[in-house]
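Notes follow the structure.
The values are calculated or read from the model by the stated rules, or taken from the named source; none is laboratory data. All values derive from a computational prediction rather than experimental measurement. A quick note on method: Cβ atoms are made from the backbone with ideal geometry, for glycine too, and the neighbour counts reach across all protein chains shown.
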Amino acid sequence: MSSPKPAHQRILLKLSGEALMGDDAFGINRGTIVRIVEEVAEVTRLGVQMAVVIGGGNIFRGVAGGSVGMDRATADYMGMLATVMNALALADTMEKAGLTARVMSAIGIEQVVEPYVRPKALQYLEEGKVVIFAAGTGNPFFTTDTAAALRGAEIGAEIVIKATKVDGVYTADPKVDPQATRYSSISFDEAIGRNLGIMDATAFALCRDQKLPIKVFSIVKNGSLKRVIMGEDEGTLVHA
């Protein structure tokens with residue numbers, strides 16, 4: 001009997017910077033990043049091509065107090081540099097786990113990471129390398145959610161997988177309302193109508209226009225990434 005095949009062949013994983021913190025107040029928790037990379041390695045061994053967009057909240061949160069009253073564009077550039085730090089840490093952990101990772105930055109820092117060039121990113125994915133997109137879109141005023149939607153569309157990803165600390169999208173905040181229930185799947189229009197705030201409006205609109213589904217799941221649950229890739233009922237699917 002043949003083993004089941006993954007439901008998706010090329011995915012874009014959106015990881016928040018906060019996902020790397022574990023239970024720490026900020027920074028990168030070693031145990032947490034190693035566990036996330038183990039989950040990524042398990043999926044790539046199935047032959048799935050994976051790109052990652054990483055946020056910077058875990059590092060930028062530590063300096064955010066100093067950014068109060070700062071010019072918004074300057075603060076956003078600081079946030080982009082934080083994502084480069086996370087991307088380097090993620091790539092290093094991946095290499096130690098036997099994966100081949102490439103960091104591509106939307107802003108030029110050639111001595112540290114290579115610039116984002118779409119054909120090169122596609123080549124790396126086809127070679128089985130994990131591509132980590134750093135520095136968001138390279139522009140201030142855009143979130144890393146928007147970067148995930150943009151890069152997902154550019155590389156022809158079948159789905160954007162948004163890793164959070166909650167195991168899907170709920171009818172209400174499950175921490176506040178014990179009656180809240182998880183949506184197994186929901187359409188883009190329904191999610192907008194119910195004001196569920198799954199991603200920022202720009203990212204969400206881009207995914208909807210490109211008919212690029214989004215899966216929201218908890219990276220905290222062991223094995224959850226593989227279950228998503230295998231098409232199991234894990235998290236919430238947002239679809240056209």
(request) State whether one or more residues within the stretch 142-160 are surrounded by 23 or more Cβ atoms within 10 Å (Cβ to Cβ) and part of a loop (DSSP other than H, G, I, E, B). (result) yes
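Find the residue count for the stretch 161-180, including only residues that are surrounded by fewer than 15 Cβ atoms within 10 Å (Cβ to Cβ) and either within 27 Å of Gln49 (Cβ to Cβ) or at pLDDT 95 or above (or both). Talk me through it step by step, then tell me what you get.
Here is the first cut: in the stretch 161-180, the ones surrounded by fewer than 15 Cβ atoms within 10 Å (Cβ to Cβ) are 165, 171-173, 175-180.
Next, from what is left, pick out any that are either within 27 Å of Gln49 (Cβ to Cβ) or at pLDDT 95 or above (or both): 165.
Matching residues across the stretch 161-180 total 1.
Residues are listed down the side, and each one gets a yes or a no for (1) within 15 Å of the chain's Cα centre (by Cα); (2) in a loop (DSSP other than H, G, I, E, B); (3) in contact (Cβ under 8 Å) with a residue 24 or more places away in the chain; (4) crowded, with 19+ Cβ neighbours inside 10 Å:
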position: Pro4; (1), (2), (3), (4): no, yes, yes, no
position: His8; (1), (2), (3), (4): no, yes, yes, yes
position: Gly22; (1), (2), (3), (4): no, yes, no, no
position: Gly31; (1), (2), (3), (4): no, no, no, no
position: Gly47; (1), (2), (3), (4): no, yes, yes, no
position: Ile59; (1), (2), (3), (4): no, no, yes, yes
position: Met70; (1), (2), (3), (4): no, yes, no, no
position: Leu90; (1), (2), (3), (4): yes, no, yes, yes
(request) Evaluate the stretch 127-140: report whether one residue or more is free of Cβ contacts under 8 Å to residues at least 60 places away in the same chain, in contact with a Ser or Thr (Cβ under 6 Å, 6 or more places away or on another chain) and among the charged types (D, E, K, R). (result) yes
(message) Need a quick list: helices (runs of 4 or more DSSP H) entirely within the stretch 185-240 having at least 2 residues that are among the aliphatic types (A, V, I, L, M) and over 20 Å from Arg10 (Cα atoms).
(response) 188-193, 201-209
(request) Can you tell me which residue within the stretch 98-134, out of those that are part of a loop (DSSP other than H, G, I, E, B) and among the acidic types (Asp, Glu), is farthest from the chain's Cα centre (by Cα)? (result) Glu110
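Filter the stretch 176-229 for residues that are among the aromatic types (Phe, Trp, Tyr) and under 17 Å from the mean Cα position of the chain (by Cα); which is nearest to Leu46 (Cα to Cα)? Please lay out each step first, then the result.
Applying the first criterion (among the aromatic types (Phe, Trp, Tyr)) to the stretch 176-229 yields 183, 188, 204, 217.
The next check asks that each one be under 17 Å from the mean Cα position of the chain (by Cα); those that pass are 204, 217.
Values: Phe204: 29, Phe217: 20 Å.
Filtering the stretch 176-229 for residues that are among the aromatic types (Phe, Trp, Tyr) and under 17 Å from the mean Cα position of the chain (by Cα), the one nearest to Leu46 (Cα to Cα) comes out as Phe217.
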